[in-house]
Amino acid sequence: MRTFRTWVGSLAFAATLALSTLSSMATAPIQAASRPPWPGGKAPTIALVRQLCVGDFFTQWLAGAQAEAKALGVKLNTYCANGNNAQMVADMQTAISLHVKAIIADHGLAQTMDPVIEQALNHGIHVVTFDLSSPDPRVVTIDQNDLMLGLEISDAMMNTMNGHANVGYVYVAGFLPLDKRNSEWKAIQQFFPGMKQVATWGTVSTSTIADVQNETVAALQAHPNINAILAPYDAFAQGAVNGILQLHRKNVKVFGADISTADIQTMVKPGSPWVATCATDPADVGRTAVRAAALRILGQYVPTYVEIDPTLITQQFLRAHHVTTMAQLLRVLPSFGNTGQLQTSWMKALGG
Ligand code: SR1
């Protein structure tokens, strides 16, 4: 069957290839045998300012960032706003007042974050963002390749469903990665009208899984013809799976994003509706963000945009390789857990 990827995908992959080539060329001059001394002779403090922190993705991301900070000998102060954007701005202001050397801003609204990012930069503080874009060229942005992620999982759903499905879509606008994934799902729908979006729901909160479960039950009751759910965030997918199981709806398949031990265990369970996910290793992304901040503090060149490509992981693959944990997955797919982005030789020597 004709797939969307056959023609648009080649363009996307060519662009990705160009970017990754650029990124490795760009990092080449920063290789060094031992770590350059920290400016001022003192180990620096980096603030990690987070909009969201509850759930598997955020827990794994933090663990990666903390491990990298420890390996590089930097102090990492973490703040969590629990979805409160005003609190996130206040956390940024606290970090600025403490004269940290760098701030990593994780998620957040451009509208509220832009002015305070500007403030940090004007105080000489380096800024790295994740899942948050900034118009200021002094900022380094680390992202998962969310367009590729959206395309891969939508394409997997389209192929599994043979181009025809009544799709329930779990989506909340205003989160940059979800908005990017959404643009690819919209593109798929335009080209494959057999893929019909019949209902949309979703909540991002400190209890996303339970909220989405309740919404999924209501949506499936209101639209009994739904036979596929696109839920491109693992808390959404977990909630959708729970809702389907609660109603004993065996004919509905779930297509998700992200991965964790809990996600893997849900996917491989006999009769699980979650058939595919598209993900990076969140710990690897967290490590990359800390490397970017450390390199900027050291006055080393870092490209302004670093993107980590996701991998499509199916239920079939996990079962065939007897994978039930993240540790096992990382053994089966070693490069998945270590993309090596921004990793200099001295970082490697330190275990970072
Ligand atoms: C509410 S945004 C959730 C997403 O942030 C990260 O990009 C993860 O991939 C997750 O899906």
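The values are calculated or read from the model by the stated rules, or taken from the named source; none is laboratory data. None of the values given here were measured: they were computed from a predicted structure. In this analysis, Cβ positions are derived from the backbone assuming ideal geometry, glycine residues included, and neighbour counts consider all displayed protein chains.
Rundown of residues vs (1) surrounded by 21 or more Cβ atoms within 10 Å (Cβ to Cβ); (2) within 12 Å of the ligand (Cβ to nearest atom), yes/no style:
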site	(1), (2)
Ala235	yes, yes
Leu247	no, no
Gly256	yes, yes
Gln265	no, no
Pro270	no, no
Pro273	yes, no
Ala292	yes, no
Arg296	yes, no
The one condition Met88 fails out of (1) more than 16 Å from the ligand (Cβ to nearest atom); (2) assigned by TED's automatic domain parsing to the domain that holds Ile297; (3) assigned to a helix (DSSP H, G or I) is (1)
Could you please find all residues in the range 342-352 being part of a helix (DSSP H, G or I) and either buried (at least 17 other Cβ atoms within 10 Å of the Cβ) or touching a residue at least 60 places away in the same chain (Cβ under 8 Å) (or both)?
Ser345, Trp346, Met347, Ala349
When you scan the range 275-290, how many residues do you find that are within 23 Å of His322 (Cα to Cα) and either outside the structural domain of Ala156 (by TED's automatic domain parsing) or within 16 Å of the ligand (Cβ to nearest atom) (or both)?
9
In this structure, does Gln213 turn out to be away from the ligand (no atom under 16 Å from the Cβ), surrounded by 15 or more Cβ atoms within 10 Å (Cβ to Cβ) and within 18 Å of Asp56 (Cα to Cα)?
yes
Take Val241 and tell me if it is in contact (Cβ under 8 Å) with a residue 24 or more places away in the chain, in a helix (DSSP H, G or I), on the phi < 0 side of the Ramachandran plot and within 16 Å of the ligand (Cβ to nearest atom).
yes
Within the range 309-339, how many residues are under 23 Å from Leu76 (Cβ atoms) and surrounded by 20 or more Cβ atoms within 10 Å (Cβ to Cβ)?
1
So which residues in the range 216-233 are within 16 Å of the ligand (Cβ to nearest atom) and aliphatic (A, V, I, L, M)?
Ile229, Leu230, Ala231
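A quick yes/no check of all residues on (1) closer than 29 Å to Arg35 by Cα; (2) among the aromatic types (Phe, Trp, Tyr); (3) out of contact with any helix residue (DSSP H, G or I) (no Cβ under 6 Å at 6 or more places or on another chain):
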site: Pro282; (1), (2), (3): yes, no, no
site: Arg287; (1), (2), (3): yes, no, no
site: Val290; (1), (2), (3): yes, no, no
site: Leu295; (1), (2), (3): yes, no, yes
site: Arg319; (1), (2), (3): no, no, no
site: His322; (1), (2), (3): no, no, yes
site: Met326; (1), (2), (3): no, no, no
site: Trp346; (1), (2), (3): yes, yes, yes
Pick out the one residue from Ala228, Ala156 that is surrounded by 22 or more Cβ atoms within 10 Å (Cβ to Cβ) and touching a residue at least 60 places away in the same chain (Cβ under 8 Å).
Ala228
Would you check if there is a residue in the range 158-168 being within 16 Å of the ligand (Cβ to nearest atom) and over 18 Å from Phe57 (Cβ atoms)?
no
